[in-house]
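First comes the structure, then the notes that go with it.
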Amino acid sequence: MARTKAAGFDAQRAAIRDAATRLFADKGYASASIADLARACGISKALMYHYYRDKEDLLADIALSYVDRLATIVDEVAARQLPPAAHLRRLVEAFMAEYEHSAARHRVLVQDVKYLARAHRGRVLARQRKVVDGFAAVIAPLAPEATRAGLAKPLTMILFGMINWTFTWLKDSGPLTYSGMAPLVADLFLGGIGRVRLGDAPSTRPRRRRAAGAPSLKAIA
C-alpha cells in the first residue's frame, strides 16, 4: 500500500516554503544552508528532510508554485473576455498587485532559478512560457503588423522588462505605488510616452517622517 501523508503535511510544506522564500530573498539561495532553513522554519534539520529532499527541491517548489500563481492570474483575466487593450491593462494591474504582495517570491524567482539543475529549471521555464504565451496572445491583435513579423513575443518580453525588476527600485518611501505604476506601464506600452497620463497614477502614499538623525532613503521612483 502507498504510504499516506500525515494530516497537515501540505500545510507544513507551505509554511516551510514561505519561511524559506523569505530567507532566500534576504540572504540568497547560495548563502542559505539547511541549518539556516531549519532555524528559520523552527524545525529540526531531520524534519526538514522529511518535507523536502534537499535545498534544491525546496527552491524548485517555491519557483513552481509562484509561476503557477502567475499562470492562474493569466487564466482568470482571460475568463473575463475583455477587449484586447482593456485585457492587457487588467493583466498589468493584476501582475503588479501580485508582485507587490509576493515580493520575496518574485525576488527568488528572478534571481535564484539559475541555481536549479536542468530538469528542475526546465519545468519552471516551461510554466513561465505559458505565462508569456498568455500575454503574447493579448498583444498580438493590438500590434498585427508586428505580430506578422514574428514580434509578438519580443514585445511581450519588453513589457515584462518594464515590470519584472521593480523590486530593485520601487521604494516604499517614494511617490509611486505598485497600483499607480500599472496604468503608467499600460499607457507607455500601448501608446508611447506621449500617451502617459499622470492623472492615472495619483500619489496617495503619505510621506513617512524620518527619525532625528536617520539617513535619508531617497526613492529612485
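Worth pointing out:
- Test: residue in segment 38-53 that is touching a residue at least 12 places away in the same chain (Cβ under 8 Å), surrounded by 15 or more Cβ atoms within 10 Å (Cβ to Cβ) and closer than 21 Å to Thr156 by Cα: no
- Residues of segment 13-22 satisfying the condition of being surrounded by fewer than 21 Cβ atoms within 10 Å (Cβ to Cβ) and in contact with a helix residue (DSSP H, G or I) (Cβ under 6 Å, 6 or more places away or on another chain): Arg13, Arg17, Ala19, Arg22
- The set of residues in segment 133-170 that are outside any helix (DSSP H, G or I) and either in contact (Cβ under 8 Å) with a residue 24 or more places away in the chain or within 23 Å of Asp68 (Cα to Cα) (or both) comprises Asn164, Trp165, Trp169, Leu170.
- The condition of being free of Cβ contacts under 8 Å to residues at least 40 places away in the same chain, surrounded by 14 or more Cβ atoms within 10 Å (Cβ to Cβ), among the hydrophobic types (A, V, I, L, M, F, W, C) and on the phi < 0 side of the Ramachandran plot holds for only one of Ala85, Ala79, Ala94, that being Ala94.
Read-outs throughout are calculated quantities, based only on the coordinates presented, and are distinct from any laboratory measurement. The structure displayed is predicted, hence computed values, not measured ones. Positions of Cβ are backbone-derived with ideal geometry, glycine not excepted, and every protein chain shown enters the neighbour counts.
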